[in-house]
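Q: Sharing a structure here in structure tokens format.
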Amino acid sequence: MSLLSVIVPCYNEEESVELFYQELMKNQEYFHKEEIEIEILFVDDGSRDKTVEKIKGLRAADARVHYISFSRNFGKEAAMFAGLEKSRGDYVVMMDVDLQDPPALLPDMLHAIREEGYDSVATRRVDRKGEPPIRSFFARAFYKLMKKISKTEMMDGARDYRLMTRQMVNSILELREYNRFTKGIFGWVGFKTKWLEYENVERAKGETKWNFWKLFIYSIDGITAFSTMPLMLASLVGVLFCLFAFLLIVFIVVRKLLFGDPVSGWPSLVCIILMVSGVQCFCLGILGQYLAKMYMEVKKRPIYLVREEE
Ligand code: UDP
Ligand code: MG
């Protein structure tokens with residue numbers, strides 16, 4: 001018998017919890033045949049609706065259901081980390097509760113790890129159906145940028161839906177950083193990963209917890225956590241500007257020697273000053289981003305706080 005832990009982060013998902021459970025249980029026969037026991041770990045990320053009650057209801061009926069309930073909303077990253085910490089399974093899978101990560105893929109995923117010798121099976125959606133076009137555009141741009149500025153592999157369209165061996169989970173748990181960007185962490189720890197592709201499934205019930213602004217902030221987390229290239233960018237821009245200034249000085253001196261010096265060019269001067277101070281602020285901002293992340297890391301605050309668990 002081997003144990004499979006299913007980690008399910010939930011934030012205000014009262015409509016989805018039971019649906020998810022039913023859908024997952026459709027694999028029951030397969031689990032039984034393959035001698036796989038399961039534990040389902042719901043992580044309630046400080047929901048303000050009836051999510052916890054729904055989970056407790058499931059727990060009362062099925063002892064394989066466990067839950068952790070946070071003291072407030074700590075974010076999906078924290079919820080996934082808590083789930084990984086609490087999981088005991090030989091295999092661990094992370095799934096969204098909204099059924100956008102189809103439980104029907106589990107048999108194929110388990111097969112790849114048990115029979116084909118992979119350490120992890122990840123999923124990516126090949127389209128972004130049902131998503132606002134502007135969101136898709138920026139998401140694609142983000143992955144293109146990350147490919148250029150980070151050594152860590154991050155796949156466009158990758159979901160957090162992933163099955164892993166205990167060995168890989170333990171490796172992930174060693175990364176105790178406060179600013180967590182799981183998509184990068186998966187890539188960073190490495191291991192042999194098989195990618196499964198599927199068409200985007202739209203949310204079964206409820207609505208997405210991510211708006212554009214939240215995603216934008218999250219992408220900055222991703223960049224600062226897995227690349228120091230922006231810091232280099234600051235020095236690069238500095239050098240370019242010095243070079244440009246030097247050429248300009250030469251040009252002005254030569255012009256003065258040849259044609260004298262009629263006073264002109266005030267507007268252009270103002271523009272240049274404005275632009276240079278803009279660039280300086282931008283570079284300071286980049287520095288500030290890294291400093292802020294460092295500040296949060298240095299505090300070593302816990303990644304999440306538990307209100308109750310069972
Ligand atoms: N989630 C969470 N904490 C949050 C936001 C979301 O635990 O602060 C959970 C949510 O309940 C769901 C999963 O993370 O199970 C994915 O969220 P969502 O479906 O809103 O994201 P999307 O699929 O739109 O990217
Ligand atoms: Mg979703």
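Q: Is it possible to state the helix-based mean residue ellipticity at 222 nm for the chain, with each DSSP H run of 4+ residues giving -39500 (n - 2.57), the sum divided by total residues, to the nearest 500 deg cm²/dmol? What is it?
A: Mean residue ellipticity, 222 nm, calculated: -17000 deg cm²/dmol.
Q: Among the aspartates and glutamates, select those whose C-alpha is under 14 Å from the C-alpha of Lys299, and discard any that sit fewer than 8 residues away in the same chain.
A: Glu177
Q: Express the relative contact order of region 7-83 as a whole percentage, based on alpha carbon pairs under 8 Å and six or more residues apart in sequence.
A: It comes to 42 percent, rounded to a whole number.
Q: Right, next: Of Tyr143, Gly46, Leu287, whose Cα points farthest to the positive end of the dipole of the chain (charges on the beta-carbon: +1 Lys, Arg; -1 Asp, Glu; origin at the Cα centre)?
A: Of Tyr143, Gly46, Leu287, it is Leu287.
Q: By how many nm would the segment from Lys147 to Leu243 lengthen if fully extended, with 0.36 nm per residue of separation less the alpha-carbon distance?
A: Details: separation 96, 0.36 × 96 = 34.56 nm, distance 2.88 nm.
Here the answer is 31.7 nm.
Q: Now a separate question. Which one, Leu173, Phe259, Ile134, is farthest towards the positive end of the dipole of the chain when Lys and Arg carry +1 and Asp and Glu -1 on their Cβ?
A: Result: Phe259.
Q: Counting other Cβ atoms within 10 Å of each Cβ, which trypsin sites (Lys or Arg not before Pro) in region 107-146 have at most 15 and sit in a DSSP loop?
A: Lys129
Q: With a cut-off of at most 12 other beta carbons within 10 Å, and DSSP calling the residue loop, which chymotrypsin sites (Phe, Trp or Tyr not before Pro) in region 186-264 qualify? Please list them.
A: Trp210
Q: Can I ask one more? Over what distance in Å are the Cα centres of region 239-296 and region 35-57 separated?
A: 57 Å
Q: Which of the helices in the chain meet the span-like rule: DSSP H, Cα axial reach of 20 Å or more, Kyte-Doolittle mean at least 1.6? Kindly include the intermediate steps, with their values, before the conclusion.
A: On the way: long enough: 133-149 (24 Å, 0.14); 212-226 (21 Å, 1.07); 229-259 (44 Å, 2.48); 266-299 (49 Å, 1.20).
Correct list, ordered by number: 229-259.
Q: May I ask you to list the lysines whose Cα is less than 20 Å away from that of Lys194, ignoring any residue fewer than eight positions away on the same chain?
A: Straight-distance partners of Lys194: Lys147, Lys151, Lys183.
Q: Arrange the following residues from fewest to most other Cβ atoms within 10 Å of their Cβ: Ile217, Ile7.
A: Listing Ile217, Ile7 from fewest to most nearby Cβ atoms yields Ile217, Ile7.
Q: Also, quick follow-up: Extent of the chain along each principal axis, from alpha carbon coordinates, in Å, largest to smallest?
A: Here the spans come out as 92, 42, 38 Å, largest first.
Each reported figure results from applying straightforward, stated rules to the coordinates on display, with no laboratory input. If you're wondering where the values come from, they're calculated on a predicted model, not measured in any experiment. All Cβ positions, glycine included, derive from the backbone under ideal geometry; neighbour counts span all protein chains shown.
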